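Undergrad: To start, I am sharing the structure in question, which I have written as structure tokens.
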Amino acid sequence: MAALSTASRVLAKKVLSAKALPAVSQSSRKLHFSVYGKNNSKVSDGISTQYPVVDHEFDAVVVGAGGAGLRAAFGLSEAGFNTACVTKLFPTRSHTVAAQGGINAALGNMEGDDWRWHFYDTVKGSDWLGDQDAIHYMTEQAPHAVVELENFGMPFSRTEDGKIYQRAFGGQSLKFGKGGQAHRCCCVADRTGHSLLHTLYGRSLRYDTSYFVEYFALDLLMEDGECKGVIALCMEDGSIHRFRSKNTVIATGGYGRTYFSCTSAHTSTGDGNAMVTRAGLPCQDLEFVQFHPTGIYGAGCLITEGCRGEGGILINSEGERFMERYAPNAKDLASRDVVSRSITIEIREGRGCGPEKDHAYLQLHHLPPQQLATRLPGISETAMIFAGVDVTKEPIPVLPTVHYNMGGIPTNYRGQVITHTPEEGDKVVPGLFACGEAACASVHGANRLGANSLLDLVVFGRACAHTIADICTPGEKLSPLKTNAGEESVANLDKLRFADGNMRTSEIRVNMQKTMQNHAAVFRTGKVLKEGCDKMDAVYQTLDDIKTFDRGIVWNTDLVETLELQNLMLNAVQTINSAEQRQESRGAHSREDFKDRMDELDYAKPLAGQVRKPFEEHWRKHTLSTVDPKTGKVTLKYRPVIDNSLDAEDCAAIPPAIRSY
Amino acid sequence: LSPRSHASMEQCSAIANAMVASAFFTAAALAPEPRIKHFQIYHWDPDTTGDKPRICGPIVLDALINIKNEMDPTLTFRHSCICGTCAMNINGGNTLASLNKLDINTSKPIKSYPLPHMYVKDLVPAMNNFYAQYKSIEPFLNKRDESQEGKEQYHQTIRLAILKGLLEHPIYIFCACCSTSCPSYWWNGDQYLGPAVLMQAYCWLIESRDEFTEDRPSKDPFSLPKKKCHTLVFKTSHNDSPHVKSI
């Protein structure tokens with residue numbers, strides 16, 4: 001207890017006597033543990049006397065409480081596991097809440113549909129970089145996942161006869177691309193993500209998951225190549241917590257904030273990817289960053305693809321519906337990377353809109369106002385607030401904006417995190433799982449189709465819970481953990497808290513963001529990427545010269561933003577280095593100096609007589625990147641794509657072909 | 001706001017202004033140690049900040065972020081995406097910093113305070129009580145027979161227009177702006193559920209797919225959690241009153 005008093009003296013602030021607080025404030029100052037958690041924690045000074053550590057034991061820990069995290073957490077609680085959910089945000093603040101368009105599933109409410117057509121669309125959308133076993137799993141589970149959400153109470157939009165309304169969405173077709181546009185995106189007006197997250201949160205309250213809200217996860221606790229839990233900082237009072245567990249699920253989302261302009265939340269900082277990197281494990285395919293075609297010009301806020309699904313069209317300065325030229329069949333509902341590139345080309349060729357001719361217009365005023373009010377109320381409001389536009393009268397100014405990260409922590413189709421060696425192939429990392437945007441299963445490959453991400457969250461969140469239930473039983477004894485496990489994380493925290501260099505966090509962050517925006521955008525060239533890699537390396541080194549101002553430990557957002565910056569930097573260096581090395585154009589990664597896809601065979605020509613290129617000489621492979629956190633040096637390896645589905649008879653795999661819409 | 005209620009609002013803000021409860025936690029004992037902090041009044045003045053107005057976006061949240069980045073990194077507030085977390089009191093009204101346009105009239109300062117009666121630090125309110133109250137109304141679907149869950153869509157038969165009005169537009173985001181502008185909630189927040197949670201309770205009462213309507217804790221119209229509503233109907237600056245009217 002002496003250690004605690006020392007800590008009290010070190011951490012407490014000067015106190016003046018205060019009037020009695022109103023009852024509300026007093027009761028709201030309860031401990032996290034007694035409100036949500038179980039009483040199984042103990043304090044130790046195994047790491048440091050300055051920072052006493054509270055140790056918890058659980059059967060499973062989920063990091064992140066967005067769509068994937070919540071689904072995994074209550075799936076585990078439902079299966080009887082004593083589960084903790086550690087999240088830096090209150091669950092309904094996770095970025096899932098901002099998703100607008102919808103969730104794909106072959107329910108067949110609007111026309112006849114088959115999940116194998118959805119499978120085909122997703123494989124093609126991924127530009128044949130997606131792992132077909134994971135895609136098979138996701139698209140086959142989709143109808144069940146959506147019906148389950150509806151049964152949880154999600155208030156989907158309905159058709160006249162009360163069935164779930166499904167709208168058209170990018171890249172979705174019938175009959176393996178030959179039957180025209182499919183309508184399989186189930187939606188709740190244009191606020192599907194919000195509704196999904198609130199439904200999942202409400203449902204999660206039925207179970208006894210222990211939520212640790214506003215706890216910032218610092219690092220994984222790895223021992224002998226096995227993940228034994230997570231160490232986190234409680235933002236409310238600055239205490240350090242170690243969550244020991246046999247199963248850790250990472251569901252921390254993407255890292256849009258590495259770019260200057262993005263549709264992502266301020267809190268999308270790739271914390272999970274960074275934790276995995278610091279643990280010495282690889283991340284996969286980070287060079288594939290999706291630019292959503294329609295972010296509001298200037299503000300960067302998202303305007304859903306659902307607008308185009310409801311009939312909206314993209315216009316250049318000549319009033320032409322230019323997507324007819326780039327994608328004669330799908331037109332405005334072509335895959336996102338195709339549309340983003342088209343808009344960028346139009347602007348480059350001088351047909352951009354506005355006084356600087358630097359954006360395009362999304363026109364909706366030709367649609368009936370009643371349809372806009374019912375199906376697209378959210379973006380009507382967003383367009384008014386952030387662009388000052390009345391969508392029933394004027395078009396919205398839009399520009400491709402960073403939106404999603406196809407890459408992330410590599411997993412198999414069951415949600416288990418894997419590493420890879422050429423000799424042994426894929427190997428599971430015991431005790432570690434990942435799902436959602438943070439993971440790379442890989443269902444999205446080189447490009448994600450709209451409305452597949454919300455599906456990815458619930459399917460793989462549930463898959464992680466199922467896999468854990470298959471391989472473990474609740475109440476299993478935990479293997480021992482060193483008493484000073486997590487020491488490095490606390491040392492880093494302390495170093496940042498008292499950092500006294502010359503550059504503010506915000507300065508270094510903006511340098512990183514501008515470098516990424518200027519050097520790794522929609523169209524990339526080798527020379528510009530190489531420059532970007534060098535600049536990024538220089539920015540990385542400035543982290544040693546960082547200066548923070550808030551020396552306190554209670555709600556120190558200066559410290560938390562600095563920790564987030566460290567995480568962002570690890571993501572950024574891997575992204576730009578992977579992009580520089582990949583010498584082809586595939587999906588969202590578009591190289592002006594290497595305009596074609598480089599597969600093992602040339603699929604544009606007849607295959608008979610062609611010789612298969614060896615693994616080292618083609619690019620239809622996953623990138624695996626690791627970083628030495630001390631120097632910022634990135635090492636790249638490669639891993640083959642999984643080309644077979646889970647059951648060849650039930651669902652034939654799709655061989656690569658030329659991708660056009 | 002009527003003059004009287006405006007005065008009481010100011011008064012509450014003043015009291016709140018004077019004290020911040022900051023409980024320093026140890027596992028051994030919970031000993032709240034209040035600490036006094038004076039809130040700053042944030043001015044947005046283009047004359048003294050040079051070309052910052054061009055960099056700073058048009059909303060209050062942009063200004064706060066700018067201040068944190070360039071002037072005072074210790075400024076603490078919650079912000080993420082369109083999620084309702086940046087709720088605070090701006091110039092006397094509860095609203096979202098991310099949706100509140102900056103008034104570019106440079107002669108008037110912008111005053112930002114945290115939501116009344118719920119402090120942690122700077123502009124960060126303590127939301128635990130609010131979340132616990134939401135949990136108490138059981139915001140999930142209950143069916144008598146859940147063995148068939150996941151197999152078939154349930155049909156929704158309630159008047160869709162009403163449900164749409166409450167669930168889809170405007171959309172509910174847990175910002176607590178309305179509850180924390182309700183004087184009854186200020187004074188009896190530990191017993192009274194407040195407008196936000198009551199509105200959600202109503203949504204679940206009218207949800208046709210739920211089969212345990214009669215057993216819902218919020219069904220009793222005379223229970224204390226609802227009784228404290230005196231229909232004061234204070235408006236917040238970003239929400240329409242359909243929410244409050246529906247109660």
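Laboratory data are not the source of any read-out in this text; all were calculated from the coordinates shown. Keep in mind that what you see is a predicted model, and the values were worked out from it rather than measured. Methodologically, a virtual Cβ is constructed for each residue, glycine included, from the backbone with ideal geometry; neighbour enumeration extends over all protein chains shown.
Undergrad: Work out which GluC sites (Glu not before Pro) in chain A are exposed loop sites (DSSP not H, G, I, E or B, at most 12 other Cβ within 10 Å) and give the longest gap free of them.
TA: A:1-159
Undergrad: So how many Å³ per residue does the convex hull of the Cα atoms of the stretch B:60-125 work out to?
TA: So the per-residue hull volume is 86 Å³.
Undergrad: Would you tally the net charge around B:Glu211, using a Cβ to Cβ cut-off of less than 12 Å, leaving B:Glu211 out, and scoring K and R as +1, D and E as -1?
TA: After counting each charged neighbour, the total is -2.
Undergrad: Moving to a separate point now. Zone of B:Asn91 (label point 7 Å along Cα→Cβ, backbone N under 19 Å): which residues in the stretch B:116-150?
TA: Residues passing the 19 Å test: B:116.
Undergrad: Can you give the three extents of the C-alpha atoms in the stretch A:295-400 along their principal axes, from longest to shortest, in whole Å?
TA: So the extents along the principal axes, rounded to whole Å, are 34, 31, 21.
Undergrad: Another one. Computed from the mean reciprocal separation of all distinct C-alpha pairs, what Kirkwood hydrodynamic radius does the stretch A:210-335 have, in Å?
TA: Answer for the stretch A:210-335: a Kirkwood hydrodynamic radius of 18.2 Å.
Undergrad: Could I ask something else about it? Output the relative contact order of chain A, whole-number percent, from Cα pairs under 8 angstrom with separation of 6+ residues.
TA: 19 percent
Undergrad: Further question on the same structure: Please give the contour-minus-distance gain from A:Leu601 to A:Ser41: 0.36 nm per residue of separation, less the Cα-Cα distance, rounded to one decimal in nm.
TA: 195.9 nm
Undergrad: How much length would be gained if the chain were fully extended between A:Leu646 and A:Val510, taking 0.36 nm per residue of separation minus their Cα-Cα distance, in nm to one decimal?
TA: Additional length available on full extension: 44.5 nm.
Undergrad: Of all trypsin sites (Lys or Arg not before Pro) in the stretch A:71-140, which ones are in loop regions per DSSP and have a Cβ with at most 12 other Cβ atoms within 10 Å?
TA: Here no loop site has a sparse enough neighbourhood.
Undergrad: How many nm separate the modelled label positions at A:Arg351 and A:Tyr207, each set 7 Å beyond the Cα in the direction of the Cβ?
TA: In this crude spin-label approximation the distance works out to 5.1 nm.
Undergrad: Taking the stretch A:553-630, which trypsin sites (Lys or Arg not before Pro) meet the DSSP loop condition and have no more than 13 other C-beta atoms within 10 Å?
TA: Answer by residue number: A:Lys595, A:Arg612, A:Lys630.
Undergrad: Average partner chain C-beta neighbours within 10 Å, per residue of B:65-74?
TA: Averaged over the peptide's residues, the number is 4.
Undergrad: Could you calculate the contour length gain from A:Glu160 to A:Glu318, that is, 0.36 nm times the residue separation minus the distance between their Cα atoms, to one decimal place in nm?
TA: Working it through step by step, the gained length comes to 53.0 nm.
Undergrad: Per the Kirkwood treatment, what hydrodynamic radius in Å, one decimal, follows for the stretch A:487-597 from the mean inverse distance over all distinct Cα pairs?
TA: Averaging 1/r across every pair of different Cα atoms and inverting gives 15.2 Å.
Undergrad: Still on this structure, please answer the following. Once Rh for the stretch A:566-661 is found with the Kirkwood sum over Cα pairs, what is the Stokes-Einstein diffusion coefficient at 10 °C and 1.306 mPa s, in µm²/s?
TA: So the translational diffusion coefficient is about 101 µm²/s.
Undergrad: Based on Cα coordinates alone, diagonalise the gyration tensor for the stretch A:389-451, multiply each eigenvalue by 5, take square roots, and list the semi-axes in whole Å, largest first.
TA: Output for the stretch A:389-451: semi-axes of 38, 11, 8 Å.
Undergrad: Measure nothing fancy, just the Cα-based angle from helix A:557-581's long axis to the longest principal axis of chain A, in degrees from 0 to 90, nearest 10.
TA: 40 degrees
Undergrad: Here's a follow-up. Mind listing the Cα extents of chain A along all three principal axes, in Å, largest one first?
TA: 74, 58, 53
Undergrad: To the nearest whole number, what is the average tally of beta carbon atoms from other chains within 10 Å of the beta carbons of peptide B:121-128?
TA: The shielding value for this peptide is 5.
Undergrad: Here's something else I'd like to know. Can you show me the helix-derived [θ] at 222 nm for chain A, built from DSSP H runs with n ≥ 4 at -39,500 (n - 2.57) apiece and divided by the number of residues, rounded to the nearest 500.
TA: That calculation yields -10000 deg cm²/dmol at 222 nm.
Undergrad: Describe numerically, in nm with one decimal, the distance between label points set 7 Å from Cα along Cα→Cβ at A:Arg612 and at A:Thr473.
TA: Here the modelled spin labels are 4.4 nm apart.
Undergrad: Just want the answer: with Cβ charges of +1 for Lys and Arg and -1 for Asp and Glu, which residue in A:Gln610, A:Asn447, A:Val641 is farthest toward the dipole's positive end in chain A?
TA: A:Asn447
Undergrad: Considering the zone a paramagnetic label at B:Arg216 would reach in this model (a point 7 Å from Cα along the Cα-to-Cβ line), which residues of the stretch A:197-223 have amide N under 20 Å from it?
TA: The answer is A:197-207.
Undergrad: Hey, another quick one. If the limit is 22 Å between Cα atoms, which of A:Lys228/A:Lys477; A:Lys246/B:Lys143; A:Lys547/B:Lys101; A:Lys124/A:Lys175; A:Lys228/A:Lys630; A:Lys228/A:Lys482 go over it?
TA: Where the Cα-Cα span goes over 22 Å, the pairs concerned are A:Lys246/B:Lys143; A:Lys547/B:Lys101; A:Lys228/A:Lys630.
Undergrad: Additional query: Tell me the label-point distance for the pair B:Asp103, A:Ala279, using the 7 Å Cα-to-Cβ offset, in nm and rounded to one decimal.
TA: Reported label-point gap for B:Asp103 and A:Ala279 is 5.1 nm.
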